[in-house]
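The values are calculated or read from the model by the stated rules, or taken from the named source; none is laboratory data. Everything numeric in this text was worked out from a predicted model, so none of it was measured. Methodologically, a virtual Cβ is constructed for each residue, glycine included, from the backbone with ideal geometry; neighbour enumeration extends over all protein chains shown.
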Amino acid sequence: MFHLLDRYTTESVTSGHPDKVCDQISDAILDACLAQDPKSRVAVETFGSHGTLMIGGEVTTRARISYKKIAERVYRKIGYTEKLNIIVRVAQQSPDIAMGVDKEGAGDQGIMYGYATDETKEMLPRGVVLAHALARRLEKLRRDKKLTWLRPDGKTQVTIGKGRVITALASTQHAKNVSQEDIREALIKHLFKPVLGSVRGVEILVNPTGKFEIGGFTADAGLTGRKIMVDTYGGLIPHGGGCFSGKDPTKVDRSAAYMCRFVAKNLVKNGYGKKCLVTVAYAIGRAEPVMVEAFNEKGKNLTSVVTKHFDFRPRAIIERLDLRRPIYQDTAAYGHFGVDGRPWEEIIKI
């Protein structure tokens, strides 16, 4: 139930990773719809592969947007210059699904989890925090032109053993005119040491394939929702399976997962445990969850506390966390949790 292993590994990716490019495009489309029509219903998936980007899904909105222009803007802002052939296949939301949502029921069935731990200020596992910190800094080094040979695509990984970092990894796309030795030396100095504090006794891996010149959609396909463990808790606790990006808050895959995090974090902050796991499940079209459950690291059942203080009906979640705003593109890289200012990270008194 909780990450009690002596050793575990977590990863992150930069905003230029193909899957994350797709997540950001999907959420940029969602934000554009919500900016014009806060009650927009959006379920947008993006798929990119070797010069082609396809945007598909279902939308019900009064907003008037250009899917192609949004996708192109996001792609260029990330740092890619390659030409994209963009195809759009977006339809109206199924009336069968809309019927349940119109009655303020859940937009789908499913199971969602939320977790918090007191081991870091972000209230996330240390490995998750470090993997994201490495990926964020890798991108910052590129954008600040500190290392001019860096390119947008990249991944990081951290292995924790008995409370300390055992292995740290960075795979980064780079220009052709730089050696792997120079890349390794620069990343140890400008990436690993600033994030980890010390690399003594840490195995440092940099571009273990030998080179990483080709990245993005030129090297690999990308797909919305394929980095759900990067988005949440690094695989250290369960995940219900549904992704977040491209989905408006009537989709409980997203909103209820945010609510579970909100509740778990506040259980820990209010002294109900050092680690807390919250689980909720829904039936499509039904407002009341079919299950709500919460435990701390000692196995104490906190469900009665949760159901007394928190309402998990979709409309109540949307209102409590104020989720009908265009706030989502920023969540689509470096994890949805542990970032100050997001409504599900707010601390309240229980």
Where the second residue is at pLDDT 95 or above and part of a helix (DSSP H, G or I) and the first is acidic (Asp, Glu) and lies in region 306-330, which pairs have Cβ atoms under 6 Å and are six or more apart or on separate chains? 322/343
Pairs with Cβ under 6 Å, 6+ apart, first in region 287-302 and touching a residue at least 24 places away in the same chain (Cβ under 8 Å) and surrounded by 15 or more Cβ atoms within 10 Å (Cβ to Cβ), second acidic (Asp, Glu) and in a loop (DSSP other than H, G, I, E, B): 287/104
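State whether one or more residues within region 157-165 are within 21 Å of residue 19 (Cα to Cα) and assigned to a strand (DSSP E or B). Steps first, please.
From region 157-165, those within 21 Å of residue 19 (Cα to Cα) are 157-158; that's our starting set.
Retained after the next criterion (residues that are assigned to a strand (DSSP E or B)): 157-158.
Yes, region 157-165 has at least one match.
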Need at least 2 residues that are of a type in the set (Gly, Ala, Ser) per element, so show me which helices (runs of 4 or more DSSP H) inside region 242-324 make the cut, counting only ones lying wholly within it. 252-269
Screening 160, 183, 237 for residues that are modelled with pLDDT under 95, buried (at least 19 other Cβ atoms within 10 Å of the Cβ), of a type in the set (A, V, I, L, M) and on the phi < 0 side of the Ramachandran plot leaves only 237
Return yes or no: is residue 74 aliphatic (A, V, I, L, M), modelled with pLDDT of 95 or more, out of contact with any strand residue (DSSP E or B) (no Cβ under 6 Å at 6 or more places or on another chain) and closer than 21 Å to residue 214 by Cα? yes
Region 163-180, residues that are surrounded by fewer than 17 Cβ atoms within 10 Å (Cβ to Cβ) and touching a strand residue (DSSP E or B) at 6+ places or on another chain (Cβ under 6 Å): 166, 167
Check region 188-195 and report whether any residue there is surrounded by fewer than 14 Cβ atoms within 10 Å (Cβ to Cβ), among the charged types (D, E, K, R) and assigned to a loop (DSSP other than H, G, I, E, B). no
Check residue 218 against each of (1) surrounded by fewer than 20 Cβ atoms within 10 Å (Cβ to Cβ); (2) in a helix (DSSP H, G or I); (3) touching a Ser or Thr at 6+ places or on another chain (Cβ under 7 Å) and name the one condition it does not meet. (3)
Selection count where residues are in contact with a Ser or Thr (Cβ under 9 Å, 6 or more places away or on another chain), under 18 Å from residue 55 (Cβ atoms) and either free of Cβ contacts under 8 Å to residues at least 60 places away in the same chain or not hydroxyl-bearing (Ser, Thr, Tyr) (or both), scope region 7-31: 11
Subset of region 125-142 (residues that are within 19 Å of residue 175 (Cα to Cα) and either among the hydrophobic types (A, V, I, L, M, F, W, C) or touching a residue at least 12 places away in the same chain (Cβ under 8 Å) (or both)): 135, 137, 138, 139, 141, 142
List the pairs whose first member sits in region 107-124 and is on the phi < 0 side of the Ramachandran plot and assigned to a loop (DSSP other than H, G, I, E, B), whose second member is crowded, with 19+ Cβ neighbours inside 10 Å and among the polar types (S, T, N, Q), and whose Cβ atoms are under 8 Å apart, counting only residues at least 6 apart or on separate chains? 107/250; 124/117
